[in-house]
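The values are calculated or read from the model by the stated rules, or taken from the named source; none is laboratory data. Predicted model, so just to flag it, every value in this text is computed and none were measured. Here the Cβ positions follow ideal geometry from the backbone for every residue, glycine too, while neighbour counts run over all protein chains shown.
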Amino acid sequence: MSSVASSKEREVTITRIFDAPRELVFKAWTDPKHLAKWFGPKGFTNPVCEADARVGGTWHIVMRSPEGTEHPCGGVYREVVEPERLVFTNIATDKEGKPILDGLTSVVFEKHGDKTKLTMHTRATAVVDYAVERLKGMEAGWTQTLERLGEELARLQSAR
Amino acid sequence: MTQDRLSTTFAALADPTRRAILARLISDEASVTELARPFEMSLPAVSKHLKVLERAGLIERSREAQWRPCRLRAKPLKEISDWVEHYRRFWEESFDRLDIYLSELKKKERKYARKK
């Protein structure tokens, strides 16, 4: 269900059916008290979770991993159409506030009987470019070297 | 976590000597002595690099022979070039949690409605 557009931009589309009415699912996405309860990978908590779900409003979450490291992310709402659609920017930053992931996410909530069919589409810039800039003493063409190394490894893995 | 692991991998790859070591291991496993040869580096210095690579999960050192051959582990590198999968996993896991949370919310709303 995902499609890789190019090596620079990554697109992810996920569709899921939730056993709850649209209004409730939409609320779970936009009410910060609810959002804090499910946002993020397994085992993570959200010690900071703020969301002002209206056009131009911002959202800000700090995720905490089971090991205790914190991962801030947030963005701006571009579209808020209750209970049908949410579009927001999604920026994850490092400790110094530099962006490591930049994305635009759209979430569509469709009625599916008593349930909700949710389609999330995100377009994100690959983190590889950022990491290349951030690492010190990088040679030129590192990204290409890395990709070639990766391809070589993948080829060898499948040949084994 | 995914992002931590990615940072560890990138930090391990930040050094040209370590990248050269990995490139050498693509062709075949090798001993520390063999790996040190092209760099004219001391064995302890090479061992330090190998420890960083090992910690990042990029190589594994077997205990089979006395010379403890080093082998490449492709997974972390494939993770870098396959970052979209991480992103997808983030959302899939979030949705798993949302699923559970929604059923809890529904139960609460039903309880509240009954009390009215």
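Can you tell me which residue within region B:48-63, out of those that are surrounded by 15 or more Cβ atoms within 10 Å (Cβ to Cβ) and farther than 27 Å from A:His71 by Cα, is nearest to the other protein chains (Cβ to nearest Cβ)?
B:Ile59
If A:Thr69 satisfies all but one of (1) modelled with pLDDT of 90 or more; (2) over 17 Å from the mean Cα position of the chain (by Cα), what's the number of the condition it fails?
Among (1) modelled with pLDDT of 90 or more; (2) over 17 Å from the mean Cα position of the chain (by Cα), the lone unmet condition for A:Thr69 is (1).
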